[in-house]
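J.: Quick one: structure below, then a few questions.
The values are calculated or read from the model by the stated rules, or taken from the named source; none is laboratory data. Quick caveat: nothing in here was measured; it's all calculated off a predicted structure. Virtual Cβ from ideal backbone geometry, glycine too; neighbours counted across all protein chains shown. We work out accessible area using only protein heavy atoms, side chains counted, and drop any ligands, DNA or RNA first. Shrake-Rupley method; radii C 1.70, N 1.55, O 1.52, S 1.80 Å.
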Amino acid sequence: MSAYPCLRILSLEDDPNDTELIQAALEAEGLACKMIRVDTQAAFRAYLEKGEIDLILADYTLPSFDGLSALRLAMSTLPEVPFIFVSGTLGEEVAIEALQIGATDYVLKTRLSRLAPSVLRALREASGRAERRQALKALRRSETFLAEAQRLSRTGSFGENLSTGEVYWSAETYRIFECDPAITPTVDLVISRTHPADRDRLHHVFEHASADQGDFDIEHRLIADDGSVKYVRVVARIVRGDEPEGLQIIGAVTDVTDAKRAEDALRRSEAYLADAQSLTRTGSWAYDVALGKGIHWSRENFRLLGFDPEGGVPPHEDFLQRIHPEDRENYIKIFDGAIAQQQPNLDFEYRVVLPSGETKHIHSVGHPVFDASGNFSEYVGTAVDVTEQHEARAALESAFQEIQALKDRLYKENIALREEIVRTSMFEEIVGESPALRTVLARVTKVAPTDSTVMITGETGTGKELIARAIHKRSRRAAGAFVSVNCAAIPASLISSELFGHEKGAFTGATQRRLGRFELAEGGTLFLDEIGELPPETQIALLRVLQEREFERVGGTKVITANVRVIAATNRDLQTAIDAGTFREDLYYRFNVFPIAMPALRERREDIPLLVEYFIDRYSSKTGKKIHSVEKSTLDRLKQYAWPGNIRELQNIVERSVILCESETFVVDESWLTGRFDPPDRTGPTLLKIPPSEEKKAIEAALADAQGRVSGPTGAAARLGIPASTLDSKIKALNINKHLFRTN
């Protein structure tokens, strides 16, 4: 059976019949083969580039391609593949030239019986050449590897025949001894290169090895030509051959200068590290994961944790007992978790209790270490005594909290003071002597000393905030801040943040923590104007503050106690809002602890001359004008005007008139009074002219006349000359059931 299962043969032949004859001749000799016939240079080149062929059989003459050209192409592409010419005619000169170029053999087509032996011989020779090439290549590679390994490891080899004294050095040995490779190496050359202090010892070792035929391992120093010192390690053994003269010393010399210097540097570094650890109170440790115990502690680590270095690294269980009982469970959880998860950065703090009873705070960091195979083997890290830093940080945090509290308090006071200064008050003091105003001031005097919540109702511009400030100034909270919030002027989405504050990141745009108005008014009074405009969710939060005196910032979880008196005001009919479902009834009752109804300016006309005089004095001094009198017709018109905008409207008209006034007599342009006028001698029933003791009787009589109706042209409010909202407040305050006066 052939040693070649199936030969892949590339046949360069223009006659298919000849290719079939060649294949038949080979198979007849037991050579199975797969013939691939080509007849052009392009096809031949393509198969050569594929390289998947064992033999090339080529005709010498082709219509467009000759055999020698094919041979040269094959030698340049696949020189290891045998090339045999199979031709009808091949001259001797051509055959010789072909063999010189690289052809393995040539066979005439008339003698195909010689083809199989020629093919087998060619394959054997090709296999032999391939084996020799591989062996030579391996030898050269081995020599290269050995030389490179010696160079990289700075280890040279040497040998000495003890019988002949002949010495051999490798190239690296010459480099180590810094000698020219052309110099013949000798023992005396080695001795001469050795440091004088080491020569006797080295000479003794050589003599002992020669006499006793023993191995040796020695380190000594060499002196280079430039005077520098080099450290080498020489290891050798005696090798005995079959013959006495075959006794040899075989050894290696290694340049250990870097290692020696590194060792010295390491010793110095370890000394420096020990000093540094002692100075910084930092210990180092290593924990073997497989063994489940510590395998290394620095001396400083022993000192920090209160263990004796003479006893070695303590068992892990003993170390755990040294940890503070309150921190032990957490330490085990963190450390075991770091090992289980191969956590790259371990960083945490714990306390240890020393045998003396002293407690230390330890900051430990660590990271995993992997062996050469990539397996997790150890956890190493440091332990730092941070007791002093911890105590200093605690003291600093305490001081910072105190500073922050003072800062917040100052911030609150500054905000409140700034708002107080910049706020444009409707007027600086209460002006008027009418019975309606005296009734309001009497109620202010009674409620101010208490902490009761006050509800101020009245039309816009009647001076509700002024009354709120009067209550604050006469209360026990007068030294605290008076903070005013116009609920109608703040977007519904921001009212909660404005009242209760917010934490950083609570919503888009919340870049820092902000104190709310309740915190700014701590210890003082918070005035909520236009409460009828509050959104439902804010009403719920306000109800909690009024009930429980506590709240939370938007986006926060800390409960904040509110020591704030709340005064609310509105110009809306809250009862109508309650019926419409836009205002909570329970919140209304929380606000309406002590109601105060502000009379409209048309209900206190007798105060108009005083107010006009007050405003003229105020604005004339600002504009630098001197006004000594008021035109009588102007004053009559002002007293007859209905004042839908109340005192605020009066203030604006007086200011405008003062600015335009060009004489010492005050005059108002009639076109500015756009509302309705009432006759000055109006004698209809007005609640404002009735003594407080008679108010309930008058209201009940008006309700009876109006059949229980409060608002409207024929309602009780119109009959009494007061706003419907004011009458509603008085009805609730006097506990009058208006439904009793309704008739079918």
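J.: Gap in Å between the Cα centre of the stretch 545-580 and the Cα centre of the stretch 340-405?
T.: Between the Cα centre of the stretch 340-405 and that of the stretch 545-580, the gap is 47 Å.
J.: Right, something else. Might you tell me the accessible area per residue for the stretch 440-514, computed with a 1.4 Å probe and given in Å²?
T.: Each residue of the stretch 440-514 exposes 44 Å² on average to a 1.4 Å probe.
J.: Over 25 Å apart: what share of the alpha carbon pairs of the stretch 541-656 falls there, rounded to a whole percent?
T.: 52
J.: In whole Å, what is the distance between the alpha-carbon centres of the stretch 607-678 and the stretch 245-309?
T.: 98
J.: Given H placed on each backbone N at 1.01 Å, which residues far from Arg37 in sequence or on other chains put an amide H within less than 5 Å of it?
T.: Those qualifying (amide H under 5 Å, at least 5 residues apart or on another chain) are Ser11.
J.: Starting from the Cα of Lys697, draw a straight line to each of the lysines and keep only those under 22 Å, dropping any in the same chain fewer than 8 residues away.
T.: Partners within reach: Lys689, Lys730, Lys732, Lys738.
J.: Oh, and also: Give the average over all directions of the projected area of the C-alpha convex hull of the stretch 5-151, one decimal, in nm².
T.: Hull-based average projected area comes out at 10.1 nm².
J.: Applying the Karplus parametrisation 6.51 cos²θ - 1.76 cosθ + 1.60 with θ = phi - 60° to the phi angles of the stretch 309-322, what ³J(HN,Hα) value in whole Hz is obtained for each residue in order, glycine and proline being reported as x?
T.: So the J values, rounded to whole Hz, are x, 5, x, x, 4, x, x, 4, 5, 5, 5, 4, 5, 6.
J.: Under a 5 Å amide H to amide H cut-off, with H placed in plane at 1.01 Å, what residues pair with Val630 once short-range neighbours are removed?
T.: Excluding prolines and chain starts, which carry no amide H, the hits are Phe666.
J.: A follow-up question, please. Using Cα centres only, tell me the gap between the stretch 454-470 and the stretch 159-178 in whole Å.
T.: 114
J.: Give, in whole angstrom and from largest to smallest, the semi-axes √(5λ) of the equivalent ellipsoid of the stretch 475-567, with λ running over the eigenvalues of the Cα gyration tensor.
T.: For the stretch 475-567, the semi-axes come out at 20, 16, 13 Å.
J.: Using the Cα centre of the chain as origin and beta-carbon charges of +1 (Lys, Arg) and -1 (Asp, Glu), tell me which of Pro16, Ser163, Tyr231 is placed farthest towards the positive end of the dipole.
T.: The residue sitting most towards the positive pole is Tyr231.
J.: Across the stretch 29-37, in residue order, what do the Karplus-derived ³J(HN,Hα) couplings come to in whole Hz, using 6.51 cos²θ - 1.76 cosθ + 1.60 with θ = phi - 60° and x for Gly and Pro?
T.: 8, x, 9, 6, 8, 10, 8, 10, 9
J.: How large a share of the accessible area of the chain, in percent, is made up of carbon and sulfur atoms when the probe is 1.4 Å and the other protein chains stay in place?
T.: The value for the chain is 51 percent carbon and sulfur by accessible area.
J.: Viscosity 1.306 mPa s, temperature 10 °C: Stokes-Einstein D of the chain from its Kirkwood Cα radius, in µm² per second?
T.: So the translational diffusion coefficient is about 40 µm²/s.
J.: What percent do you get for the relative contact order of the stretch 250-370 when only Cα pairs under 8 Å and 6+ apart count?
T.: Across the stretch 250-370, relative contact order equals 15 percent.
J.: So what's the back-of-envelope 222 nm ellipticity for the chain, counting only DSSP H runs of four-plus at -39500 (n - 2.57) apiece and dividing by all residues, rounded to 500?
T.: Roughly -14000 deg cm²/dmol at 222 nm, from the helical runs in the chain.
J.: Using a/c under 1.5 as the rounded threshold, could you call the stretch 149-294 rounded, prolate or oblate? The axes a ≥ b ≥ c are square roots of the C-alpha gyration tensor eigenvalues, and prolate needs a/b larger than b/c, oblate otherwise.
T.: Note, shape of the stretch 149-294 comes out prolate.
J.: In addition: Looking at the square roots a ≥ b ≥ c of the eigenvalues of the Cα gyration tensor of the stretch 628-669, which shape do they give, rounded for a/c under 1.5, prolate if a/b is larger than b/c, or oblate?
T.: Here the stretch 628-669 falls in the oblate category.
J.: Then there is this: What is the stretch 82-137 by shape, rounded, prolate or oblate, if you read a ≥ b ≥ c off the alpha carbon gyration tensor as root eigenvalues and call it rounded for a/c under 1.5, prolate for a/b larger than b/c, and oblate otherwise?
T.: oblate
J.: From Cα pairs below 8 angstrom and at least 6 apart in sequence, can you work out the relative contact order of the chain, rounded to a whole percent?
T.: 6
J.: Here is a further query. Which of the lysines could a cross-linker bridge to Lys293, judged by Cα under 23 Å and excluding same-chain residues fewer than eight apart?
T.: In chain and number order, the partners are Lys333, Lys360.
J.: Using θ = phi - 60° and the Karplus relation 6.51 cos²θ - 1.76 cosθ + 1.60, list the HN-Hα couplings for the stretch 251-256 in order, rounded to whole Hz, with x at every Gly or Pro.
T.: Result, ordered by residue: x, 9, 10, 10, 7, 10 Hz.
J.: How large is the translational diffusion coefficient of the stretch 109-181 in µm² per second when you combine the Kirkwood radius over alpha carbon pairs with Stokes-Einstein at 10 °C and 1.306 mPa s?
T.: 98
J.: By how many degrees, 0 to 90 and rounded to 10, does the Cα axis of helix 387-422 deviate from the longest principal axis of the chain?
T.: 40
J.: Helix 257-280 versus the longest principal axis of the chain: what is the Cα-based angle in degrees, 0 to 90, to the nearest 10?
T.: Between helix and principal axis, roughly 20 degrees.
J.: Say the cut-off is 28 Å between C-alpha atoms; which of Lys464/Lys626; Lys407/Lys504; Lys137/Lys230 go over it?
T.: Listed pairs above 28 Å: Lys464/Lys626; Lys137/Lys230.
J.: List the residues, sorted by chain then number, that are 5 or more residues from Arg513 or on another chain and whose placed amide H is less than 5 Å from its amide H.
T.: HN-HN under 5 Å from Arg513: Lys504.
J.: Cα axis of helix 325-340 to longest principal axis of the chain: angle in degrees, 0 to 90, nearest 10?
T.: Once rounded, one gets 50 degrees.
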